[in-house]
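Encoded as structure tokens, the structure appears first; notes follow it.
Throughout, read-outs are computed from the coordinates displayed, never taken from laboratory work. Please read these numbers as outputs of a predicted model, since none were measured by experiment. Cβ sites come from the backbone with ideal geometry, for glycine too, and all protein chains shown count toward neighbours.
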Amino acid sequence: MSESYEVSIGITTHMSVNATGWIAQNSDSLGARSIWIGEDIALGQEIFVLTAATLLQSKKVRVGTGIIPVTVHNIATLARAGVTLDEIGAGRFAFGLGIGGIQDLEKYGIHIKRPVTELRKSVKTLRRLWAGETLDSSSEKFSLHDFNLGQPSPINIPIFLGVRGPKMLKLTGKVADGVILSGPFDYLRYAIKLVDDAAEEAGRSKNDVEKVVWVPTIPTFKGIQEKVARRVVALVIADTPDAVLDMLTVDREKVNQIRETVAASSPKEGAEFVDDELLDVFSISGTKEHMVDRFEEVASIGATEVVIGPPFSGDWRKALVEIFAEVDSRRVAP
Amino acid sequence: MRWGVALNVRDDMSESLRKAEIADRGGIDNVWVTDFPAIRYAPVVAAAIAERTKSCRIGVGLVSPLLYPSTQIVQFMSTLVDSYGARFDLLLGPGDKLVLASIGVSCSSKLMVDKTTHALDEIKQGLSEAGHTCSVLLGAQGPKMIKASLKADGVLLNYADLEMAEWALNQIKNEVRAGFQLGLFPPTYVGDCQDIITNQSISYSAAMVAIGLSRVVSNSFGLLDRIQAARILMKEHGQINMDMVNSLGSEILQRFAFCGTSEQLRNYMKTLEKIGFTSIVFGPPQGIRKRGVEILVKAKSTYGMD
């Protein structure tokens, strides 16, 4: 019997309506704790409408954004969308926020001098608006003047932060309801400890901060093509900060080659340089038994929730059913 | 003539859904969901309404392209259509300068118009490339926006007064192509309306439109001086109040709202049809109350029977 943990599904705005709709409609019967929705900036479905549709097509599962970059939306839009989704979800909505991936921010010409301050201010501002306050507040990216939401009563929306670096992790431990982490195992161990320590320093319990681990999960036992997996891993490597890479014993030269190739052309070209070792370090792949073994490893270092997918390829629907069944079978085993 | 109703910007989700269901079952053609300064994010409300209604079209807007990039507007309209079918329309307009400034969106009036017309092109193109046919309408009042609407699929004119509405229509009437939607979006109160000033909800809505009237139009109708005092008060206070309503007086306010009985509404609609309008969206405060939506449903069910 493993450490207690939940299993969830991760989707992105770049997926088709058919795929995201299937996941929403089947999430409850699969036994998923949450559906986390990542925003691929300006690509595919619109994040808030997709989140609404996912809430409307499911009954029990928690639906969270995972994440929305605060740097690409007006803070008033984030606050208003939060109120609207909270009403639709009746307590099932969680707001996952972050600064945004390095590659994305560069691609869209978004520059932020003090990302930790920006995220801290954004979280504080959203909570104050949802509490019913009228605000005059500003940051690098937003400016509010005598603005309020006109809420008759305060609302409490859980905020999860998708973060990487040490300062961001500490901020999360201090202020967030949860953290969404991605990265290699050694990094995850370090990050969870940092979040827990920061929570306790701030007078909170480490259990006050949920730890959601979302790494690419690639069920190769159901026909997923490895080239898809390698492409995803190339993108993850390109978005991984140096501080995280420094913790790993991977071939740094190869890693740099991948990052340069992704930046210069695309993840598809970068995938050419992703070998089996890197695939294993940056993703959870293989048979359902092996994948669930890895989930349990991640849970053993303090993760409270593990997210499956994307990439969704091959016979991913059957793969999902079988992975959830495998998790379930281990829970009921003596 | 297509009938639409704008839901209340302060409604919570359950109230919006209840009213949308009444409108849908009662045969109202369009339910409109206003975006900012409404507290709820309109595309999400539109998704929830689509889940709960069957026949009505769902309008998203007014949406300001100053608040959202064109790509996001194309994305939310496309996602709505892909998820719930081709039932959605979009209303674009610059929005209220003062309320946009409160969330850090500021630019000159000229730039607001330029950005909106530029966004109209981008959004039309984006939706077309995505293979979607939802109508993109422009909310307009001044001559520049009215002219710019010719590039859209239709226009909703922010007028109530028949003389002004006809004047606005005449700006483009000879240039519109087949299928172009010519509509009005006036503040509306169907009921007892002996004295507009004593009915705060309609008088405030009418005053907002009057104060926002462009100088060119104010001048054309000899209203510039009569509105000026209310404009100065608005600059001082930042939001509408009874001083502004009193300053405008009932004669002016009556020109910026439809305020009358069901019988008067019937006559009003018939005149609009004669002038050439093809649609109307009954603006606030009509959609504030559930009863207001029910009154419209009843009025529509008997319209055209005589």
Legend entry - If the convex hull is drawn through the Cα atoms of chain A, its volume per residue in Å³: 130
Inset, instruction - Net charge near B:S218: determine it from the other residues with C-beta under 11 Å of the C-beta of B:S218, scoring Lys and Arg +1 and Asp and Glu -1. - result: +2
Legend entry - Hits among aspartates and glutamates - C-alpha to C-alpha of A:K141 under 13 Å, sequence gap 8 or more where chains match: A:E118
Inset, instruction - Just add up the charged neighbours of A:K170: K/R +1, D/E -1, any other residue whose Cβ is under 10 Å from the Cβ of A:K170. - result: 0
Legend entry - Kirkwood hydrodynamic radius of the protein assembly as shown, Cα pairs, Å: 26.4
Inset, instruction - Using amide H atoms built 1.01 Å from N in the peptide plane, name the residues 5+ places from B:G61, or on other chains, whose amide H lies under 5 Å from its own. - result: B:V33, B:T34, B:D35, B:L91
Inset, instruction - Pick out, from B:A257, B:A140, B:V60, the residue whose Cα sits farthest towards the positive end of the charge dipole of the protein assembly as shown, with +1 on the Cβ of Lys and Arg and -1 on the Cβ of Asp and Glu. - result: B:A257
Legend entry - the protein assembly as shown - mean residue ellipticity at 222 nm from DSSP helices (-39,500 (n - 2.57) per run, n ≥ 4, rounded to 500): -15000 deg cm²/dmol
Inset, instruction - Note down the magnitude of the dipole of chain B about its Cα centre, charges +1 on Lys and Arg C-beta and -1 on Asp and Glu C-beta and zero elsewhere, to the nearest 20 debye. - result: 160
Inset, instruction - For helix A:288-300, report the angle its Cα long axis makes with the longest principal axis of the Cα atoms of chain A; keep it between 0 and 90° and round to the nearest 10°. - result: 50
Inset, instruction - Name the residue farthest towards the positive end of the dipole of segment A:85-131 from the options A:L97, A:P115, A:L85, assuming +1 on Cβ of Lys and Arg, -1 on Cβ of Asp and Glu, about the Cα centre. - result: A:P115
Legend entry - Reach of B:K298 by Cα under 27 Å, taken over lysines that are not fewer than 8 positions away in the same chain: B:K19, B:K54, B:K270, B:K274, B:K290
Legend entry - For segment B:276-289, 3J(HN,Hα) per residue [Karplus equation, 6.51 cos²θ - 1.76 cosθ + 1.60, θ = phi - 60°, Hz, x = Gly/Pro]: x, 6, 10, 8, 9, 10, 7, x, x, x, 4, x, 5, 9
Legend entry - Relative contact order of chain B, pairs being alpha-carbon contacts under 8 Å that are 6 or more residues apart, as %: 21
Inset, instruction - Measure nothing but the geometry: give the 0 to 90° angle between the long axis through the Cα atoms of A:226-239 and the longest principal axis through the Cα atoms of chain A, rounded to 10°. - result: 40
Legend entry - Charge context of B:L150, other residues only, Cβ under 13 angstrom, K/R +1, D/E -1: +3
Inset, instruction - Report, by chain and number, residues whose modeled amide H sits under 5 Å from the one on A:G64, excluding near sequence neighbours (fewer than 5 apart, same chain). - result: A:I35, A:W36, A:I37, A:A94
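Return the Rg/Rh ratio of segment A:225-282 with Cα-based radii and a Kirkwood Rh.
0.92
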Inset, instruction - Can you spot the lysines whose alpha carbon is less than 23 Å from A:K60's alpha carbon? Ignore those fewer than 8 places along the same chain. - result: A:K211, A:K318
Inset, instruction - Return the percentage of antiparallel bridges among DSSP beta bridges fully within chain A, rounded to the nearest 5 %. - result: 10
Legend entry - Inter-label distance, nm, simple model (7 Å from Cα along the C-beta direction), B:Q239/A:E269: 5.4
